[in-house]
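Student: So that we are looking at the same thing, I have put the structure below in structure tokens.
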Amino acid sequence: MSAKFVVGIDLGTTHSALAVAALDSKDERVSVLEIEQLVSAGALAKRPLLPSFLYFAHESEPPLALPWDADRRFAVGEFARSRGAEAPERVIASAKSWLSYGGIDRRAGNLPLGAPEDIEKISPVETSFRFLDHLNEAFRSARPADGDLSEQEVVLTVPASFDAGARDLTVEAALAAGFEQVTLLEEPQAALYAWIEQNGEAWRSHLRAGDRVLVIDIGGGTTDFSLIDAIEQEGSLGLQRVAVGDHILLGGDNMDLALAHVVGQELSEQGKELDRFQVGALAHACRSAKEKLLSDSTLEQVAVVLPSRGSQLLGGSIRGELRREQVERYLLDGFFPAVSATDLPKARPRAGLKQAGLPYASDAAITKHLAAFLARHAFAEPASSAMDARPPSAILFNGGVLKAHVLRTRVLDTLNGWLEQRGAARVRVLPGEDLDLAVARGAAYYGLVRHGRGLRIRGGTARAYYVGIESPMPALPGFEPPVFALCVAPFGMEEGTRAALPPQELYVVVGEPVTFRFFGSTTRRGDPAGTVLERWRSGELEELPQIELVLPPAGRAAGDVVAVQLQASVTAIGTLKLEAIAQAPIVADERWQIELSVRLGPHESA
Amino acid sequence: MDFVQQDVASFSDADIGAAARVVHEGCRRALRAHARVVSVRSEPEGAPLTLERASEDVKLVGNVAGSAPFHGVLRHRGWRVEDFELPQLVGVHDPKLVAPAELELS
């Protein structure tokens, strides 16, 4: 059955949203679908956003019933988030950050971390699947005549900084939810599509060929940067995504926690100790106090009141306050310091032992991360780069954090300061709306674009990919043999294309696990497939989770050594596919597909 | 519920003020989540107003006599609920239970 709609899904770290556009009408309007969800025990309501939290009911609780499932033992959305504050060991938060974290087996049941025994833990992939499944259920419930999301075209957004493995896992969750017609789209591109949709044809008068748009997306849990160029293309205007930033686990939640810490410290100095519940309530209270201070410049302080734990509201409540000076010091100067263009984030010290946990950004200064991104892609002359180093001329803000005018102004002033120092013009601000919902809207609009209704942003893969090859050299005690990097997928491969077959040969043993080190680079844009790097500059290549493959013998004897070439292609969905092709095939077209999102830890045979 | 049920007589205005902030913010959030409330009249309060014909929207007070048009001073703008949507109840829950007791396990 052919799809009637395109559905854009923003599967966010802290919130998800869903937007719909009709395929069979001339009307290119995109509408946001409010998502039915449990908002408190036994109460169902529609909200524009679905908080990305999953709560597991305890045996003492009745089922977390939904109209379409009376016996459900888990909940996602607003109730899951609020109930999770009361029983934190039973809730999964930030599943998307776990999905992109190669330090754990992302298909193994490991969430919630530290859950009590009665919970059967689930994997990051399964958690994402359950969010998508809920969105599907909410769609069916809201539009019973329109069937199921599996019958529609689905555009699912991912951070531009997601590597090939995290993209694969996202698709895996979508396929598990039955979304057969799924395509991936990078979130900053989705934000720009939303801006185009909102401006109609007028967008062409806001951007000219030669413009370079910096998209800054700061959500609840992550910060994402992209550069998109407006280019002359067969006589008309085209768009091309030319660079993406690193995956930075830093967002609005960190800011609320920082403020809660500041206010909590003050309360503690006054002899008011908070318990775990009140610390959670404090973060919420600080968020709303922060929003008031940021949106009303006449306020000097906002009271932060924590209700007592008992039923005696008066006498038992704890009162503190958040002052403007604190917001400016900790938020503006902590997260958005006015730094110079050469002030880069502090590198994370490499710890010998690592605690189980997400690799949060070690430097909270978003402006420093921005400086590093621009130093790499816009200001410096990157070696081996096919891209011209040129500063941005326009900026598009996205993400809930940037709804605050003060924060946008700080980012803008800092950036313009850097540009002026270089004698470049200030950036123009592309006015976006709905900073929470733009990604879902833009994703639905992109679905229309794929049907030829509007302009497509070209870009291809956001990284070049390399496998590590140990160089043949005599073993020296205490020294690891140097590793060379063989480029298997060049930067900017477009959907539906195949990389040239690199001339190098790799030898693998069939029937036994072989591991390859795997690297990505967002800066080496000029390396064709087959390039071998013997050395690279620090930070130029980022090591990704290892690739492990077991080539099924299939006609060969286990233990045989086979010469293969690795060939990359980009699927129609937008994921990277890597295949090992036998140099001397024993059957026609002998090849093996290679898993990019590998399992870590103890291996079960699949 | 905690606020209304508590005897406030012995507490200072500062204590009651602090509690009122919690109650105000919570009530406001709850109301806005379910209803869109708008003013019935947009004119400033205290301004003279002429009402062409009687209507349920505007209650006449003071020297209530005579027939339309009515000339007077707008004292209160009034409130009207434009959209109203309550959450739907699902599952087996006691609707009379406003807030369950809480038992913290450690």
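The values are calculated or read from the model by the stated rules, or taken from the named source; none is laboratory data. What you see is a predicted model; the values in this text were computed from it and never measured. Neighbour counts are summed over all protein chains in view; Cβ atoms, including those assigned to glycine, are modelled from backbone coordinates with ideal geometry. Just so you know, the surface numbers come from the protein's heavy atoms only, side chains and all, with ligands and any DNA or RNA stripped out. Shrake-Rupley method; radii C 1.70, N 1.55, O 1.52, S 1.80 Å.
Student: Between A:ALA285, A:ALA258, A:ALA303, A:ALA289, which is assigned to a helix (DSSP H, G or I) and either more than 20 Å from A:LEU402 (Cβ to Cβ) or in contact with an Asp or Glu (Cβ under 6 Å, 6 or more places away or on another chain) (or both)?
Tutor: Values: A:ALA258 fails: either more than 20 Å from A:LEU402 (Cβ to Cβ) or in contact with an Asp or Glu (Cβ under 6 Å, 6 or more places away or on another chain) (or both); A:ALA303 fails: assigned to a helix (DSSP H, G or I); A:ALA289 fails: either more than 20 Å from A:LEU402 (Cβ to Cβ) or in contact with an Asp or Glu (Cβ under 6 Å, 6 or more places away or on another chain) (or both).
Testing whether each residue is assigned to a helix (DSSP H, G or I) and either more than 20 Å from A:LEU402 (Cβ to Cβ) or in contact with an Asp or Glu (Cβ under 6 Å, 6 or more places away or on another chain) (or both) leaves just A:ALA285.
Student: Can you tell me which residue in segment A:193-236 is most open to solvent (accessible area, probe 1.4 Å), limited to those that are of a type in the set (Asp, Glu) and over 14 Å from the mean Cα position of the chain (by Cα)?
Tutor: Here is the first cut: in segment A:193-236, the residues of a type in the set (Asp, Glu) are A:197, A:201, A:211, A:217, A:224, A:229, A:232, A:234.
If we keep only those that are over 14 Å from the mean Cα position of the chain (by Cα) as well, we get A:197, A:201, A:211, A:229, A:232, A:234.
Working: A:GLU197: 32, A:GLU201: 131, A:ASP211: 11, A:ASP229: 9, A:GLU232: 125, A:GLU234: 185 Å².
Out of the qualifying residues, it is A:GLU234.
Student: For segment A:8-20, check the following and say yes or no: at least one residue is in contact with a Lys or Arg (Cβ under 9 Å, 6 or more places away or on another chain) and within 14 Å of chain B (Cβ to nearest Cβ).
Tutor: no
Student: Would you be able to tell me the number of residues in segment A:9-59 that are over 24 Å from A:ARG83 (Cβ atoms) and among the polar types (S, T, N, Q)?
Tutor: Selection size over segment A:9-59: 2.
Student: List the residue pairs whose Cβ atoms are under 7 Å apart, where the first residue sits in segment A:83-97 and is closer than 20 Å to A:ARG309 by Cβ, the second is open to solvent by 50 Å² or more (accessible area, probe 1.4 Å) and in a helix (DSSP H, G or I), and the two are 6 or more positions apart or on different chains.
Tutor: Close Cβ pairs (under 7 Å, with a partner that is open to solvent by 50 Å² or more (accessible area, probe 1.4 Å) and in a helix (DSSP H, G or I)) do not exist here.
Student: A further question on this structure: Restricting attention to segment A:327-343, does a residue exist that is buried (at least 18 other Cβ atoms within 10 Å of the Cβ), modelled with pLDDT of 85 or more and of a type in the set (Lys, Arg)?
Tutor: No; the residues of segment A:327-343 include none that is buried (at least 18 other Cβ atoms within 10 Å of the Cβ), modelled with pLDDT of 85 or more and of a type in the set (Lys, Arg).
Student: Do we find a residue being farther than 26 Å from A:VAL158 by Cβ and at pLDDT below 80 anywhere in segment A:514-535?
Tutor: Taking every residue of segment A:514-535 in turn, at least one turns out to be farther than 26 Å from A:VAL158 by Cβ and at pLDDT below 80.
Student: Every residue in segment B:82-106 that is in contact (Cβ under 8 Å) with a residue 12 or more places away in the chain and either open to solvent by less than 80 Å² (accessible area, probe 1.4 Å) or touching a Leu at 6+ places or on another chain (Cβ under 8 Å) (or both), please.
Tutor: B:PRO87, B:ALA99
Student: If you don't mind, there's one more thing I want to ask. When you scan segment A:25-44, do you find a residue that is closer than 22 Å to A:PHE277 by Cα, touching a helix residue (DSSP H, G or I) at 6+ places or on another chain (Cβ under 9 Å) and open to solvent by 40 Å² or more (accessible area, probe 1.4 Å), even just one? Give the steps one after another, and end with the answer.
Tutor: Step one: filter segment A:25-44 for residues closer than 22 Å to A:PHE277 by Cα, giving A:38-41.
Checking which are touching a helix residue (DSSP H, G or I) at 6+ places or on another chain (Cβ under 9 Å) leaves us with A:38-41.
Now narrow it down to the ones that are open to solvent by 40 Å² or more (accessible area, probe 1.4 Å): A:40-41.
Yes, the conditions are met somewhere in segment A:25-44.
Student: Given the criteria within 14 Å of chain B (Cβ to nearest Cβ) and either surrounded by 18 or more Cβ atoms within 10 Å (Cβ to Cβ) or not in a strand (DSSP E or B) (or both), does A:LYS346 qualify? Break it down stepwise before answering.
Tutor: On the way: within 14 Å of chain B (Cβ to nearest Cβ): no; either surrounded by 18 or more Cβ atoms within 10 Å (Cβ to Cβ) or not in a strand (DSSP E or B) (or both): yes.
So A:LYS346 does not fit the description; no.
Student: Okay, moving on. Can you name every residue in segment A:282-310 that is within 12 Å of chain B (Cβ to nearest Cβ), farther than 17 Å from A:HIS261 by Cα and not small (Gly, Ala, Ser)?
Tutor: A:LYS292, A:PRO307, A:ARG309, listed by residue number.
Student: I want to confirm something. Restricting to segment A:237-273 and keeping residues that are acidic (Asp, Glu) and out of contact with any Ser or Thr (no Cβ under 7 Å at 6 or more places or on another chain), which single residue is surrounded by the most Cβ atoms within 10 Å (Cβ to Cβ)?
Tutor: The initial filter retains those residues of segment A:237-273 that are acidic (Asp, Glu), namely A:246, A:253, A:256, A:266, A:269, A:273.
Then keep just the ones that are out of contact with any Ser or Thr (no Cβ under 7 Å at 6 or more places or on another chain); that gives A:256, A:266, A:269, A:273.
Details: A:ASP256: 23, A:GLU266: 15, A:GLU269: 8, A:GLU273: 10.
For segment A:237-273, the residue satisfying everything is A:ASP256.
Student: What number of residues within segment B:1-53 are in contact (Cβ under 8 Å) with a residue 24 or more places away in the chain and closer than 16 Å to A:SER308 by Cβ?
Tutor: To start, the set of residues in segment B:1-53 that are in contact (Cβ under 8 Å) with a residue 24 or more places away in the chain comprises B:1, B:34-49.
Still in the list and also closer than 16 Å to A:SER308 by Cβ: B:1.
Matching residues across segment B:1-53 total 1.
Student: Please work out which one of (1) more than 30 Å from A:ASP388 (Cα to Cα); (2) assigned to a helix (DSSP H, G or I) is the condition A:VAL155 fails and give its number.
Tutor: With respect to (1) more than 30 Å from A:ASP388 (Cα to Cα); (2) assigned to a helix (DSSP H, G or I), A:VAL155 is out only on (2).
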